[in-house]
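S.K.: There's a structure below that I have some questions on.
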Amino acid sequence: MAIPLYSDILGISNTEISEAIIQAEKELFQLRFKKATRQPFKAHEIKHTKRRLAHLKTLLALRLDIIEQSHNNIISKLINN
């Protein structure tokens, strides 16, 4: 399995990103639990899940910043007029 790419998630919506974040956090918890209880698991999956989670959170934060900036611009235009 290859390391997930950032470009793979650029086309999905914000709600899908939120759902994917929740799913990735659950998966990461399960992998860490397997590691702690010495159950068999693939060690590289922890790294891949952490990276996918970071990509998702970064993209969501960037999109929310863009929305907030556009919202602030609209409010400042209304105040100035």
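Bear in mind that the values in this text are calculations on the coordinates, not laboratory data. Note that this is a predicted model, so its numbers are computed, not measured. Backbone-built Cβ (ideal geometry, glycine too); neighbour counts: all protein chains shown.
S.K.: For residues in the stretch 23-44 being surrounded by 13 or more Cβ atoms within 10 Å (Cβ to Cβ), within 24 Å of L5 (Cβ to Cβ) and without any contact (Cβ under 8 Å) to a residue 24 or more places away in the chain, which is nearest to the chain's Cα centre (by Cα)?
M.R.: Q23
S.K.: Go through the stretch 15-47 residue by residue and tally those that are touching a helix residue (DSSP H, G or I) at 6+ places or on another chain (Cβ under 6 Å) and not aliphatic (A, V, I, L, M).
M.R.: Residues in the stretch 15-47 being touching a helix residue (DSSP H, G or I) at 6+ places or on another chain (Cβ under 6 Å) and not aliphatic (A, V, I, L, M): 3 in total.
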